[in-house]
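To start, the structure itself, in structure tokens.
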Amino acid sequence: MSSPVRIQPDPSFVRELQAAGGESVKKCYQCATCSVACPLSPAENPYPRKEMVWAQWGLKDKLMNDIDVWLCHNCGTCSDLCPRGAKPADTLAAIRNMTYRKLVGPAKIGEWMSSSKGLPYLAGIPAVLWLFIWLLTTGLSIPAGEIKFSKVFPGDFTIDPLFGAVAVFVAWSFYKGVTNMWKSFASLPTTFEVGAHCEKPTLVQAIIDVLRDDLYTHRQFNECGADNTERSKGHWALLAAFVALAIVTSVVAVSHWGSKVPGFHWLHALGDTPMVLYSPVKLLAIVGTVLGFYGLTMLTRRRLNLDAQKQGSSFYDWYLLGVIWAVFVTGLGSMVLRLAGVAGLAYPMYYLHLVAVFMMIAYLPWSKLGHLVYRTTALVYARMSGRKPLTRVEDKIFEI
């Protein structure tokens, strides 16, 4: 005889979930169309029907530790076919958004990220910080002579140490978040098919599988039932843009700090700023910028064209797009105004660029962009536990 299971619904969690983007969850009447329609949902214990039940009941613990919300690639097919307009895709997205801000502290940042009411705080911190530095360096005045942003924001004493500290903070936050997420999955069952390839995959095998199918080839992403052309191209272009700009930033940093090492003074010429337009490093930065604008245009157009009756957009969605738009617009604007010699606008534009970059990087563990780390972690765990079988490792093919 089975033992009774006591559940403890949390009505406040339901309200919080609705505020985070799952406002239509109460419309679900459990027809299971969503689980049947999802091309990625496993045959055993499929999603998102069970998540909709848990959400309606306010079963917070189950949802916060549910690996399946991360296996969903948010194509929106379930929402398109839902006969009640319950928008299951939005509910799963809302659960992920809530998980972002609960995986790691400070809790206040997660609270600010939950709605537009926190935007003044998120923008105000870097705005005051960089304004204070400007006050210390030039008294908020515009420097005379050749436009060099280092006159206002010296790299050695402001930009490099500050963003270095931010990078350490973000890395530590992600480490704690990933650790908490991995522990939360510990109670999940481990399942493997009996057969020729029934051995448990190693961590390395699972990582290779995820990097290939979910990050590099986007195979799982493109198997979603909806037309993901704009979304796929937009993601790819933005990813390539960030890689290109990361290389540029690394070259500049290595050339600057490396040149201070005895015997390596020649490195200074490699990334000395401001660079001429025909410099290979500068050309790479321009290519990255073009790719960034293309990707942003594709993703923004797709989101604007979504049918609001089937799939919505939350603050998390628009915050991320808005901040990345700000990074690229102010970055390009700073370069154009510097080349045009308009000092009165170039320095303020670069100030806004630093504010936008800070907002994009410093809040990564609590923003939607954090799914690059958290979803990758969940996918690796899913493959190691057998929830999502390996596809191809060491020339072996596994059926999904």
What nm distance separates the two modelled labels at residue 102 and residue 203, each placed 7 Å from Cα along Cα→Cβ? 2.6 nm
Determine the dipole magnitude for the range 11-102: charges of +1 sit on the beta-carbon of Lys and Arg, -1 on that of Asp and Glu, nothing else is charged, the reference point is the Cα centre, and the result goes in debye to the nearest 20. 260 debye
Can you run phi through the Karplus equation (6.51, -1.76, 1.60; θ = phi - 60°) for the range 77-84 and list ³J(HN,Hα) in whole Hz, with x for Gly and Pro? 4, 4, 6, 4, 9, 5, x, 10
What ranking do 137-149, 68-80 get when scored by the average of other Cβ atoms within 10 Å per residue, highest first? 68-80, 137-149
Please list, in order along the range 368-382, the HN-Hα scalar couplings obtained from phi with the Karplus expression 6.51 cos²θ - 1.76 cosθ + 1.60 (θ = phi - 60°), rounded to whole Hz, x for Gly and Pro. 5, 5, x, 5, 4, 8, 5, 5, 4, 4, 5, 5, 5, 5, 4
So, with points 7 Å from each Cα along the Cβ direction, the residue 254-residue 318 label distance in nm works out to 4.1 nm
Among 241, 32, 165, which one moves the most in a GNM of the chain with springs linking Cα atoms closer than 10 Å? 165
Can you compute the radius of gyration and Dmax for the range 11-102, using only the Cα atoms, both in Å? 11.6, 32
³J(HN,Hα) computed for each position of the range 278-290 - Karplus, 6.51 cos²θ - 1.76 cosθ + 1.60, integer Hz, glycine/proline x: 8, 5, x, 5, 5, 4, 5, 5, 5, 4, x, 5, 4
Which pairs, out of 87/388; 102/282; 233/388; 282/388, put more than 32 Å between their alpha-carbon atoms? 102/282; 282/388
Label zone at residue 246, where the point sits 7 Å out along the Cα-to-Cβ direction: the range 162-183 residues whose backbone N lies under 17 Å: 164, 166-175
Taking a crude spin-label model, label points 7 Å out from Cα along the C-beta direction, the residue 10 to residue 286 distance in nm is 5.3 nm
What's the extension gain from residue 36 to residue 297 if we count 0.36 nm per residue and subtract their Cα-Cα distance? 90.7 nm
Where the accessible area of the range 11-102 is counted over protein heavy atoms with a 1.4 Å probe, how much of it, in %, is carbon and sulfur? 52 percent
Taking the dipole about the Cα centre of the chain, with the C-beta of Lys and Arg at +1 and of Asp and Glu at -1, give me whichever of 385, 69, 155 is farthest to the positive side. 69
Given an 8 Å cut-off on Cα distances and at least 6 residues of separation, report the relative contact order of the chain as a percent. 22 percent
Nearest 20 debye, what's the magnitude of the dipole of the chain about its Cα centre given +1 on Lys and Arg Cβ and -1 on Asp and Glu Cβ? 620 debye
Stretched fully, the stretch from residue 305 through residue 215 gains (0.36 nm per residue minus C-alpha distance, one decimal, in nm) 29.9 nm
Per the helix-only model, the chain has a calculated mean residue ellipticity at 222 nm (DSSP H runs of ≥4, -39500 (n - 2.57) each, divided over all residues, rounded to the nearest 500) of -18500 deg cm²/dmol
What does the accessible area per residue of the chain come to in Å², with a 1.4 Å probe and no ligands, DNA or RNA counted? 50 Å²
Cα convex hull of the chain: how many Å³ per residue? 171 Å³
The alpha-carbon center of the range 78-126 and that of the range 301-351 are separated, in whole Å, by 20 Å
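The values are calculated or read from the model by the stated rules, or taken from the named source; none is laboratory data. Just so we're clear, the structure is a prediction, and the values are computed from it rather than from any experiment. Counting neighbours? That spans all protein chains shown, and the Cβs are built from the backbone with ideal geometry, glycine included. All accessible areas refer to the heavy atoms of the entire protein, side chains included, with ligands and DNA or RNA removed. Shrake-Rupley method; radii C 1.70, N 1.55, O 1.52, S 1.80 Å.
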